[in-house]
Amino acid sequence: MIAIVSGKGSPGGTTSLAALAAAWPAPVLLADCDPAGGDLALGWLGHWVVNGFLRTDVGVLSHFIATRHATAGDPGSLIEHVQAAPPARHVGLLAGLSTPGQHTAVGTAGWTRLTVALAAFKTVAGHPADALVDLGRFSSATPWPVLLAADLVLVAVRPTQRHVLAARPVLAELAERILPQRLGLAVCATTPAGTREVRVALGREAAVEVPMAARTAAVFSDGIDGGTPPHRSPLLRTARRVARRLHGTYHTYTPSEPRIPATAAPFHLLPGGAR
Ligand SMILES: Nc1ncnc2c1ncn2[C@@H]1O[C@H](COP(=O)(O)OP(=O)(O)OP(=O)(O)O)[C@@H](O)[C@H]1O
Ligand SMILES: [Mg+2]
């Protein structure tokens, strides 16, 4: 489970995470846990919401309601709330909340149940799936159960003074409860020199770096071109390299595991492919 959280100024956390998911070399669960309201269904996948293919009421909130009487998290409880992302069928979307107020209803108990389910998630085909979790802007509403369970927590930051300064207090607060080896940076809209400067300024490694590429970024943030990423783009090329490296860090392949998204079977969501 890899979670991304940002400081003020919308550095590009959601965009980078969506690009990583699209480039992930295996089935992956893209979980929109931004307590301020989800952006992935409305942004990257907005075209599919408008045409009725994706539902915004199936996701974090529907999982919370369906499990509200459960005392513990149940890994099997999540699959019904996950929908295949049409432009990248190896990606399963757990759509986010629709309004900022809903996070108070979910509360720590709801986020804890969801965290357990995310950590042990399996596709319908029975394959464990990695989870990429968008936590939005760090605030008092941030779901700590997800942060504490994640294998890697990344703070999204751009190589600008404003974003670096905004990331500092976030990193300091996270570092109080998260081990250094599980805390890193996602440097967004960057260049190699920009990434170096951010690493030095914040004293952390960049586990993810995504180049500045406004047009491709707008596919993932705003769903231009129906959310279908261009095949050739520096942003996608980098995302594929980063995704392979991150995936390899946490997995050793076995021959039965699916690995390449372009040719792999789709996410295998609901039996019968209802979504
Ligand atoms: N690599 C990039 N190159 C160019 N523009 C980018 C890049 N990444 C993101 N952007 C742009 O930055 C803007 C903000 O991106 P995004 O919504 O992903 O930020 P965020 O960190 O998720 O914000 P928030 O904290 O509000 O959730 C969008 O317009 C997006 O297209
Ligand atoms: Mg965001």
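No value in this document is a laboratory result; all are computed from the given coordinates. Please read all numbers here as calculations on a predicted model, not as lab measurements. Ideal geometry is used to build each Cβ from the backbone, glycine not excepted, and the neighbour counts take in all protein chains shown.
Entry remark, the range 60-78: residues being in a helix (DSSP H, G or I) and crowded, with 22+ Cβ neighbours inside 10 Å number 3 in total. If the condition is being surrounded by fewer than 24 Cβ atoms within 10 Å (Cβ to Cβ) and within 11 Å of ligand 1 (Cβ to nearest atom), then the range 8-34 contributes Lys8, Gly9, Ser10.
Scanning the range 43-80 for residues that are polar (S, T, N, Q) and touching a helix residue (DSSP H, G or I) at 6+ places or on another chain (Cβ under 7 Å) yields Thr56, Ser62, Thr67, Ser77.
Per-residue answers, yes or no, for (1) part of a helix (DSSP H, G or I); (2) in contact with a helix residue (DSSP H, G or I) (Cβ under 8 Å, 6 or more places away or on another chain); (3) under 18 Å from Thr14 (Cα atoms):
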| position | (1), (2), (3) |
| --- | --- |
| Leu97 | no, yes, yes |
| Thr112 | yes, yes, no |
| Val133 | no, yes, yes |
| Val155 | no, yes, yes |
| Pro159 | no, yes, yes |
| Arg162 | yes, no, no |
| Ala166 | yes, no, yes |
| Pro169 | yes, no, no |
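Annotation: of all residues in the range 43-59 being crowded, with 16+ Cβ neighbours inside 10 Å and free of Cβ contacts under 8 Å to residues at least 40 places away in the same chain, the one that is nearest to the chain's Cα centre (by Cα) is Gly59.
Looking only at the range 130-159, which residues are free of Cβ contacts under 8 Å to residues at least 60 places away in the same chain and surrounded by fewer than 22 Cβ atoms within 10 Å (Cβ to Cβ)?
Ser140, Trp144, Pro145, Leu148
If the condition is being part of a strand (DSSP E or B), within 9 Å of ligand 2 (Cβ to nearest atom) and under 15 Å from Pro229 (Cβ atoms), then the range 1-35 contributes no residue at all.
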